[in-house]
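See below for the structure under consideration.
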Amino acid sequence: MAGTLDDAAVAERLGGLPAWSRDGDAIRRRVEAPSFMAGIDVVADVARAAEDADHHPDIDIRWRTLTFTLSTHSAGGITAKDFGLAARIDEIAARHGAG
């Protein structure tokens, strides 16, 4: 099981992922897709990446607006796994023209 990161480590890692912010024991990012279907494509690709990583985000879909929330529930907070998947989500969103 991965250990949780302390506040300083979370802040430092968030510096490398400027679209993400801390929300309690989670990190969160909102993405605007160019269309509803592009948003669904982003979600499908994120779902595949999450399965590969065995780490699953909470995903909220509101038309073209997607919100991803990451926390390692088994560890009780934010871990390196969250930042690894956050970086993949950034790559996937960019590939689909979502920002």
Some residue of segment 25-37 being part of a strand (DSSP E or B), closer than 16 Å to GLY3 by Cα and open to solvent by less than 10 Å² (accessible area, probe 1.4 Å): yes
Could you tell me which numbered condition VAL46 fails, if it satisfies all but one of (1) open to solvent by 70 Å² or more (accessible area, probe 1.4 Å); (2) closer than 17 Å to LEU66 by Cα? (1)
Neighbours by Cβ (under 9 Å, 6+ apart or cross-chain): first from segment 72-95, free of Cβ contacts under 8 Å to residues at least 24 places away in the same chain; second part of a helix (DSSP H, G or I): GLU91/ALA49
How about segment 1-15: which of its residues are touching a residue at least 40 places away in the same chain (Cβ under 8 Å) and exposed (fewer than 13 other Cβ atoms within 10 Å of the Cβ)? MET1, GLY3
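The values are calculated or read from the model by the stated rules, or taken from the named source; none is laboratory data. Only a predicted model underlies this, so the values are computations on that prediction, with no experimental measurement involved. Please note: Cβ atoms are built from the backbone with ideal geometry, for glycine as well, and neighbour counts cover all protein chains shown. All accessible areas refer to the heavy atoms of the entire protein, side chains included, with ligands and DNA or RNA removed. Shrake-Rupley method; radii C 1.70, N 1.55, O 1.52, S 1.80 Å.
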